[in-house]
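Working notes, structure below.
The values are calculated or read from the model by the stated rules, or taken from the named source; none is laboratory data. The structure displayed is predicted, hence computed values, not measured ones. With ideal geometry, Cβ positions are generated from the backbone for all residues, glycine too; neighbour counts draw on all protein chains shown. Ligands, DNA and RNA are excluded from the accessible area calculation, which covers all protein heavy atoms including side chains. Shrake-Rupley method; radii C 1.70, N 1.55, O 1.52, S 1.80 Å.
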Amino acid sequence: MSGSAHKKILIVEDEKDILQLVKLYLEKEGYRTVTASTGSEGLAQVRAETPDLIVLDLMLPEIDGLEVCKRLRSAPETAMLPIIMLTAKAEESDTIIGLELGADDYVTKPFSPKTLVARVKALFRRLERKPEDGPTRFIYGPLILDLTRHEVTVKGKEVPLTAKEFGLLEHLLRHPGRVLTRDVLLNAVWGYEYYGTTRTVDVHIRRLKQKLPLLDTAILSVKSLGYKLKEADGSG
Ligand code: CA
């Protein structure tokens, strides 16, 4: 099944060669593309074109990728917009900041276009996945995760999460009381064999806890293994 037919991807990249290469490969996969070569142009294109996903370069003239990411995440209408960041290895600390600010994934330059396409597909797959058999709602104290509505609420108030944060929380809620290794979480949430650092999981867990303080003591770090969600005690 080709789900790519009507998907529109915004590519924000000031290096023309890379921009053209990414555009070419994504279009070969059936995606529609729009482009921008500066951060402010990128933000304008988000408003004008309402893309389904953004491939966002980190180092951009005017407004850089981190700031673009931050602005998109802080506006309710773009808080959930999937973002894949392009970074260089030397920018590793920025990459972590990027994940903190809400990028869903990142690809390090130099990258093969095939890798990027795989990441794009994995992210879309994750978003489009039909709820599995079983519950479509998970209740954890005052928190409700609703798969059908793709929504997390605490005491009825919606908490905007990125696609990866949502996936991570869903996976934890599906397996309360069980230790989930970082590798298991990476494969379950990122949807592919991940060759990057497992720190990605740590960053996303930290962000989940920031957005959902009630999870701060509920998600336990299990030394050198991974994470465990305490079983709900029903007192919430
Ligand atoms: Ca650049």
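Some observations on this one:
- Selection from segment 69-89 of residues that are assigned to a helix (DSSP H, G or I) and not acidic (Asp, Glu): CYS69, LYS70, ARG71, LEU72, ARG73, SER74, PRO76, THR78, LYS89
- Single condition LEU66 does not satisfy, out of (1) farther than 20 Å from GLU151 by Cα; (2) not in a helix (DSSP H, G or I): (2)
- A search for C-beta distances below 6 Å between a residue of segment 104-118 that is assigned by TED's automatic domain parsing to the domain that holds ILE83 and any residue that is open to solvent by 50 Å² or more (accessible area, probe 1.4 Å), counting only pairs 6+ apart in sequence or on different chains, returns THR108/LYS89; PRO113/LEU21; PRO113/TYR25; VAL117/TYR25; VAL117/GLU29.
- Of the residues making up segment 14-36, not a single one is within 15 Å of the ligand (Cβ to nearest atom), closer than 29 Å to ILE205 by Cα and not aromatic (Phe, Trp, Tyr).
- Some residue of segment 60-80 being open to solvent by 80 Å² or more (accessible area, probe 1.4 Å), more than 16 Å from the ligand (Cβ to nearest atom), of a type in the set (Ser, Thr, Tyr) and without any contact (Cβ under 8 Å) to a residue 40 or more places away in the chain: yes
Let's see how each residue does on (1) modelled with pLDDT of 85 or more; (2) surrounded by 14 or more Cβ atoms within 10 Å (Cβ to Cβ):
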residue: THR136; (1), (2): no, no
residue: PRO142; (1), (2): yes, no
residue: ARG149; (1), (2): no, no
residue: GLU165; (1), (2): yes, yes
residue: GLY196; (1), (2): no, no
residue: VAL203; (1), (2): yes, yes
residue: ARG207; (1), (2): yes, yes
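- Some residue of segment 35-52 being part of a loop (DSSP other than H, G, I, E, B), exposed (fewer than 15 other Cβ atoms within 10 Å of the Cβ) and among the acidic types (Asp, Glu): no
- Number of the exception - ILE96 against (1) modelled with pLDDT of 95 or more; (2) buried (at least 17 other Cβ atoms within 10 Å of the Cβ); (3) in a helix (DSSP H, G or I); (4) away from the ligand (no atom under 16 Å from the Cβ): (1)
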